[in-house]
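The values are calculated or read from the model by the stated rules, or taken from the named source; none is laboratory data. All values derive from a computational prediction rather than experimental measurement. Cβ atoms come from the backbone with ideal geometry, glycine included; neighbour counts cover every protein chain shown.
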Amino acid sequence: MNNQVNRRKFITQLGLAGASTLGFPSIVRGQNLNSKLQVGFVATGGRAKIHLKRSHDHGLQCVAFAEIDKRAWNNATELNGWEQAASYSDWREMFQKHGKELDVVFVSTPDHTHYAPSMTAVSMGIHCYTEKPLTWSVKEAQMLTAAYKANPKVVTQMGNQGHAGAGWRMVYDYYKAGAIGDIKELHTWTNRPVWPQGGGRPAGSDPVPPEVNWDAWVGPAPMRPYKEKAYHRFNWRGVVDFGSGALGDMACHTTDGIYILTEPGYAESSEPIFMTEPVGDQFPAGMIVKATYRATEKRPGFNTFWYEGKDKDGNPNMPETPEELKVDKRELPKTGNLIVGTKGKLLVQGDYWNSPRLIPETKRREFGKPKELLARSPGHHEELFIACRGEKPREFSQSNFGYAGPMTANIQLGNLSTRAGKKLVLNKEGVIINDPAINKLASREPRDGWGPLVTKI
């Protein structure tokens, strides 16, 4: 893509002369297996609290953190041994002052601020964990994937913790054993959103709390006034400039398994087949999105369907209950997956591919338990830390950016089709071909000064 090609260079921000000026390392620093990993955090509130605790429990040493809201700083400094960690309200300052010291960075900001610090870390040779979705836009996901491939010593992971679970591995076992045949359709539904969607832009403004760096929170997005309870700390998810709606929030969990089963590549097309209202300042209150994937030498093509929110009558958007469940006098769970194959169906309950089972019950009993084909994971964070310490190859962290990047690009393509309000058709390289002008919506130029400090692709 043209924008991607243009960025295949070192990009500097804040008037910096380049990577050498900052003393950025060109490769990952050698890690003594007996030493502590030096960790930094971009955000310490919300989901980041889990990463703080897990890192602390595993003996990592916090060098510095950046958090736009000083009310969350104590989440890091109250942990034993981390009291002296350097604190900043701007992630750029953390990298400028501590880039040489950091072995690994956790990025747990809102969606729109994932890309810039993550790209900076990878380009500097720092291992990087980034919350889901990996990026806010399609092109950001593609560029971060390219950066991961261009920096072969960097360990990465996206925060879809269900990828370390046994659920999708069991589905894989069923699939490879021929229990459902070839996959024809995947239906995925969620009980989200649980935040505002379908509304307009809030009017007016409120004073920015003295503890909050609003400029840093907005980051690469267009500036807008602070409005109490409208964005920070939670309600940003449904706002197009900042979040990715329910699709961006949950599909990295709930559609994860299909990427293991099918290795789909980029979608051939994506289209909204239902929206409660057009996309405005917020994503619709409810929508259904269809994606079509090409056939490969290994499998036929297939379709996926995403359901979120409610229809215009206030009923949850969900697929119809299959006859195989009706036979068992059961209903679909509130969130989950239904995999439709040429020889059978699999029901997956919950958000993390939990409790997969063949339906109806008679078929489950008849088929029995499939042979276990894949090794189970030692744990989500454990995968990352083991690979960061060099005890296993970087691919041991299985939801790495090489895997998570293309998945995120497809997920954000679904959001892009809703913003465009039409079907989008792509080539195998992930470029929109039926309306090339829409490619401009696949990314945006960051607000001045808020792109990556360094981009190495």
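Does Pro406 qualify as being touching a residue at least 24 places away in the same chain (Cβ under 8 Å), surrounded by 13 or more Cβ atoms within 10 Å (Cβ to Cβ) and part of a helix (DSSP H, G or I)? Yes; evaluated as a whole, the condition is true for this residue.
Residue-by-condition table, conditions (1) closer than 26 Å to His51 by Cα; (2) free of Cβ contacts under 8 Å to residues at least 24 places away in the same chain; (3) in contact with a Phe, Trp or Tyr (Cβ under 7 Å, 6 or more places away or on another chain); (4) not in a helix (DSSP H, G or I):
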| site | (1), (2), (3), (4) |
| --- | --- |
| Lys149 | yes, no, no, no |
| Arg169 | yes, no, no, no |
| Ala179 | no, no, yes, yes |
| Gly198 | no, no, no, yes |
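What helices (runs of 4 or more DSSP H) lie completely within the range 243-346 and have 3 or more residues being under 18 Å from the mean Cα position of the chain (by Cα)?
Numbers: elements: 245-254, 256-262, 323-327.
By residue number, 245-254, 256-262.
Scanning the range 363-387 for residues that are surrounded by fewer than 24 Cβ atoms within 10 Å (Cβ to Cβ), aliphatic (A, V, I, L, M), in contact (Cβ under 8 Å) with a residue 24 or more places away in the chain and within 23 Å of Met119 (Cα to Cα) yields a single hit, Ala387.
Working only within the range 350-374, note down all residues that are assigned to a helix (DSSP H, G or I) and within 28 Å of Met318 (Cα to Cα). It would help to see each step written out before you state the result.
First pass over the range 350-374, keeping only residues assigned to a helix (DSSP H, G or I): 361-367.
Within the range 350-374, Glu361, Thr362, Lys363, Arg364, Arg365, Phe367 qualify.
Residue selection: Gly390 satisfies the criterion of being surrounded by fewer than 22 Cβ atoms within 10 Å (Cβ to Cβ), among the small types (Gly, Ala, Ser) and modelled with pLDDT of 95 or more. Counting the residues of the range 236-262 that are buried (at least 22 other Cβ atoms within 10 Å of the Cβ) and β-branched (Val, Ile, Thr) gives 4. In this structure, is Arg233 part of a loop (DSSP other than H, G, I, E, B), without any contact (Cβ under 8 Å) to a residue 60 or more places away in the chain and either polar (S, T, N, Q) or surrounded by fewer than 19 Cβ atoms within 10 Å (Cβ to Cβ) (or both)? Here the answer is no, as Arg233 does not meet what is asked. Filtering the range 208-221 for residues that are closer than 25 Å to Gly421 by Cα and either surrounded by fewer than 18 Cβ atoms within 10 Å (Cβ to Cβ) or modelled with pLDDT of 95 or more (or both) leaves a non-empty set.
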